[in-house]
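The values are calculated or read from the model by the stated rules, or taken from the named source; none is laboratory data. Source: prediction; values computed, not measured. Cβ: placed from backbone, ideal geometry, glycine included. Neighbour counts: every protein chain shown. These area figures cover heavy atoms from the full protein model, side chains too; ligands, DNA and RNA do not enter into them. Shrake-Rupley method; radii C 1.70, N 1.55, O 1.52, S 1.80 Å.
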2 protein chains.
Amino acid sequence: MAKRAQTTRVGISDVAAKAGVSLATVSRVMNGNLSVDPQIATRVRATATELKYQPNPTGRNLARGKTDTVGVVVPDLGNPTFQSVLRGVSRAAALDGYRVLIADSSEVSSEESILASEARRRCDGVVLCAPRMSPAELEELAPSLYPMVLVNRTTDATSSPSVIVDYGKGIQDLAAHLMELGHTRLAYVAGPESSASNGLRLAGLATFREANPSIEIQVLPNGSTFEDGYNSAAAVLDSGATGIMAFNDLTAMGLLSNLNERGIRVPAELSVTGFDDIPFARYTTPALTTADVPIVEVGEQAWRQMRDLLNSPEGNDAGASTPEGVTRTFSPSLVVRGSTAAPASKAQ
Amino acid sequence: MAKRAQTTRVGISDVAAKAGVSLATVSRVMNGNLSVDPQIATRVRATATELKYQPNPTGRNLARGKTDTVGVVVPDLGNPTFQSVLRGVSRAAALDGYRVLIADSSEVSSEESILASEARRRCDGVVLCAPRMSPAELEELAPSLYPMVLVNRTTDATSSPSVIVDYGKGIQDLAAHLMELGHTRLAYVAGPESSASNGLRLAGLATFREANPSIEIQVLPNGSTFEDGYNSAAAVLDSGATGIMAFNDLTAMGLLSNLNERGIRVPAELSVTGFDDIPFARYTTPALTTADVPIVEVGEQAWRQMRDLLNSPEGNDAGASTPEGVTRTFSPSLVVRGSTAAPASKAQ
DNA sequence: AGAAAACGAGAAAGCGCTTTCTCAACCGTT
DNA sequence: AACGGTTGAGAAAGCGCTTTCTCGTTTTCT
């Protein structure tokens with residue numbers, strides 16, 4: 001083995017030698033093991049400080065069989081939603097002494113499984129955000145990733161803890177809000193087809209339709225970006241709807257921008273709603289009515305589920321007392337601002 | 001040592017046993033060492049696949065003395081700038097087979113040094129974003145963090161590679177743009193005092209003043225958020241300036257929002273510029289004139305500097321051939337949009 | 001006071017790999 | 001046919017810790 005020259009980092013044996021004790025004792029002291037003579041402990045600690053000794057994490061990791069690190073797999077680090085999840089996990093995990101390793105698949109979903117597995121091997125667990133992964137692939141991947149926590153997905157056969165946002169309820173709240181204002185013709189400017197959360201919104205709308213047969217709800221296929229929203233204006237106007245629910249705040253803002261250019265007044269002529277309540281939503285003109293999604297909290301909760309998993313007894317498939325399969329749901333909350341009002345026909 | 005029951009992960013020795021070779025040979029095959037009989041290599045590979053063997057990273061890390069991980073220290077994961085740096089580093093590093101570990105100090109700058117050191121111990125190197133850290137502290141910390149790459153900071157005594165954005169030039173470009181439009185009274189709505197990049201802007205303005213003594217430039221102390229921008233409107237109007245340079249796009253948008261409420265037309269009565277060219281800048285009303293900062297590229301470049309450091313010969317303080325102390329500068333580029341025009345007095 | 005229990009610290013065995021070191025088998029020379 | 005020179009793979013020594021095992025001491029109980 002190569003022998004690094006002088007600058008070799010100070011190791012546990014250096015401390016042991018200088019303090020006149022064995023490696024074991026130094027280790028015990030560093031780990032707060034109580035069964036060490038307080039006097040010796042103090043001496044060891046002093047020596048450690050003097051020598052600026054810092055235990056090598058890799059050595060510890062190998063010996064303890066854990067890394068105090070959790071992986072977060074996201075499909076796109078540029079997406080504000082995942083950035084917020086990441087932040088939530090990172091901050092919550094930090095409070096428990098864990099660090100976060102990033103695995104960004106850059107939307108190459110074919111790499112997602114591999115990336116997740118690799119992250120799992122390096123970490124004690126993974127938080128998986130994989131909205132586009134097929135259910136079958138997810139189901140197959142899940143067992144090998146244990147412990148794992150899902151964000152905005154659930155597994156069926158395998159039961160993994162999940163943290164999900166009830167997009168269905170959120171969109172229903174928005175639709176109900178528009179209905180109460182007097183709108184009878186609504187349109188949903190949809191998100192990407194493969195998006196799971198778009199599916200949940202559609203399901204929510206289906207439920208709403210059943211409960212309120214008198215309300216018309218059109219679905220206009222579209223995307224998820226500001227640009228997509230901007231480009232949806234023509235279809236929106238063609239639809240004849242007066243209450244428009246955009247996939248998210250970004251597309252709502254794009255739509256708003258185009259409508260503004262066309263001289264169409266919001267909310268006088270058309271009501272528009274967003275989804276997510278991103279920081280900018282309150283500053284658009286008019287300010288956006290939307291459904292607030294506490295996405296950072298989703299990340300925090302994901303960590304807590306992970307922590308429970310990590311602390312739970314070894315036997316992972318045992319009985320009913322394990323925290324397995326717990327699903328924590330966050331409901332978006334309606335935020336009414338200036339972009340919605342009674343429809344023109346009834347208002348005036 | 002505790003003996004994990006049945007589900008013990010398949011290790012290198014399992015492969016060796018099943019393939020009828022020694023551990024060493026399996027290791028050699030897995031690492032592409034050529035000095036292995038092709039026939040044996042094939043057999044080993046087949047066994048590895050059959051057994052679904054995946055080398056344990058921790059073991060490798062310890063044996064090789066490296067972790068294939070780089071730490072990114074940021075003061076606030078909620079800040080779009082650092083999110084982008086993080087993304088840049090993460091994607092670029094991934095291409096070289098490295099992963100990123102996050103260290104978010106959550107703006108608790110007293111913890112920054114400790115956090116950075118800890119990240120360094122877990123990783124092969126650190127990319128440090130610490131705009132508020134005092135030069136003295138940075139200088140003291142630098143040696144112990146080697147290899148380290150700085151973002152938007154430089155060290156003096158210690159020479160660490162840096163990737164910086166020339167904020168001074170950017171603000172001068174904006175000032176020059178306003179001057180060319182005919183503005184003679186400018187105001188800079190400053191960022192946080194402790195912010196290094198705010199200091200660079202101020203220095204840039206000082207240079208500009210020297211070169212253009214006829215132009216008045218007031219400095220209005222302020223902050224860095226949308227809210228801060230919104231609240232700066234009164235001071236801005238008091239100043240009597242006609243060309244307003246905001247600290248960044250966020251504050252510019254806040255200012256714009258307030259001015260809009262007051263019925264003050266932009267750019268007819270007042271010209272406003274931002275800084276950063278965040279995605280929303282083009283969608284404000286009017287669209288924001290700003291200085292584009294290629295911040296993701298900054299992150300990518302930071303990784304490249306890090307890679308050079310990691311690949312450079314051991315002796316880190318040796319001669320002139322090392323990539324030490326290389327500073328890569330990115331210049332913001334002026335993006336003229338609708339929020340700037342000739343001042344009212346001259347325009348009409 | 002003698003034996004049992006409790007304690008505290010050192011020795012040593014790993015954790016799962018990589019990489020020397022070592023040596024047998026094989027090659028081509030004169 | 002004997003010999004230095006290659007190859008190629010196994011044996012073994014770590015990498016820097018943690019944790020059991022072990023055993024000499026001290027305390028406690030009857």
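Which of (1) facing chain B (nearest Cβ under 7 Å); (2) open to solvent by 30 Å² or more (accessible area, probe 1.4 Å); (3) more than 16 Å from DNA strand C (Cβ to nearest atom); (4) modelled with pLDDT of 95 or more is the odd one out, the single condition residue A:100 does not satisfy?
Only one criterion in (1) facing chain B (nearest Cβ under 7 Å); (2) open to solvent by 30 Å² or more (accessible area, probe 1.4 Å); (3) more than 16 Å from DNA strand C (Cβ to nearest atom); (4) modelled with pLDDT of 95 or more is unmet by residue A:100, namely (2).
Say whether the condition of being part of a helix (DSSP H, G or I) and either within 16 Å of DNA strand C (Cβ to nearest atom) or touching a Gly at 6+ places or on another chain (Cβ under 8 Å) (or both) is met by at least one residue in the stretch A:69-85.
The first filter runs over the stretch A:69-85 and keeps only residues part of a helix (DSSP H, G or I), leaving A:80-85.
When the remaining residues are screened for being either within 16 Å of DNA strand C (Cβ to nearest atom) or touching a Gly at 6+ places or on another chain (Cβ under 8 Å) (or both), the result is A:84-85.
Yes, the conditions are met somewhere in the stretch A:69-85.
Tell me, yes or no, whether the stretch A:54-67 has at least one residue that is more than 16 Å from DNA strand C (Cβ to nearest atom) and surrounded by 16 or more Cβ atoms within 10 Å (Cβ to Cβ).
Going through the stretch A:54-67, the residues more than 16 Å from DNA strand C (Cβ to nearest atom) turn out to be A:54.
Among the residues that remain, those that are also surrounded by 16 or more Cβ atoms within 10 Å (Cβ to Cβ) are: A:54.
So far as the stretch A:54-67 goes, yes, one or more of its residues are more than 16 Å from DNA strand C (Cβ to nearest atom) and surrounded by 16 or more Cβ atoms within 10 Å (Cβ to Cβ).
Being more than 11 Å from DNA strand C (Cβ to nearest atom), assigned to a helix (DSSP H, G or I) and within 14 Å of another protein chain (Cβ to nearest Cβ) is the filter here; which residues of the stretch A:10-32 pass it?
Correct list: A:30 only.
Before we move on, is residue A:92 within 16 Å of DNA strand C (Cβ to nearest atom) and of a type in the set (A, V, I, L, M, F, W, C)?
Values: within 16 Å of DNA strand C (Cβ to nearest atom): no; of a type in the set (A, V, I, L, M, F, W, C): yes.
Answer is no for this residue.
Grab the helices (runs of 4 or more DSSP H) fully contained in the stretch A:220-294, keeping just those with 3 or more residues being away from chain B (no Cβ under 14 Å) and among the small types (Gly, Ala, Ser). Can you show your working first?
On the way: elements: A:226-231, A:233-239, A:249-261.
So the answer is A:233-239.
Within the stretch A:67-80, is there a residue that is more than 11 Å from every other protein chain (Cβ to nearest Cβ) and within 29 Å of residue A:142 (Cβ to Cβ)? Don't jump to the end; show me each part of the working.
Quick first cut of the stretch A:67-80, residues more than 11 Å from every other protein chain (Cβ to nearest Cβ) only: A:73, A:75.
Subsequent filtering for residues that are within 29 Å of residue A:142 (Cβ to Cβ) retains A:73, A:75.
Looking for residues that are more than 11 Å from every other protein chain (Cβ to nearest Cβ) and within 29 Å of residue A:142 (Cβ to Cβ), one finds at least one in the stretch A:67-80, hence yes.
If residue B:333 passes every condition in (1) under 15 Å from the mean Cα position of the chain (by Cα); (2) at pLDDT 90 or above but one, which one does it miss?
Unmet condition: (1).
Only residues that are of a type in the set (A, V, I, L, M, F, W, C) and within 8 Å of DNA strand D (Cβ to nearest atom): list them for the stretch A:16-35, please.
Initially, the stretch A:16-35 is screened for residues of a type in the set (A, V, I, L, M, F, W, C), giving A:16-17, A:19, A:21, A:23-24, A:26, A:29-30, A:34.
If the condition is that a residue be of a type in the set (A, V, I, L, M, F, W, C) and within 8 Å of DNA strand D (Cβ to nearest atom), then A:23, A:24, A:26, A:30 are the ones that fit.
List pairs: first in the stretch B:52-74 and touching a residue at least 24 places away in the same chain (Cβ under 8 Å) and not assigned by TED's automatic domain parsing to the domain that holds residue B:307, second within 9 Å of DNA strand D (Cβ to nearest atom) and of a type in the set (Phe, Trp, Tyr), Cβ under 6 Å, 6+ apart or cross-chain?
Going by the 6 Å Cβ cut-off, there are no qualifying pairs.
What is the number of the single condition among (1) farther than 27 Å from residue B:258 by Cα; (2) at pLDDT 95 or above; (3) open to solvent by less than 50 Å² (accessible area, probe 1.4 Å) that residue A:325 does not meet?
Single failed check for residue A:325: (2).
Need the failing condition index for residue B:90 against (1) surrounded by 15 or more Cβ atoms within 10 Å (Cβ to Cβ); (2) assigned to a helix (DSSP H, G or I); (3) within 9 Å of DNA strand D (Cβ to nearest atom); (4) not basic (Lys, Arg), just the number.
Residue B:90 satisfies every listed condition except (3).
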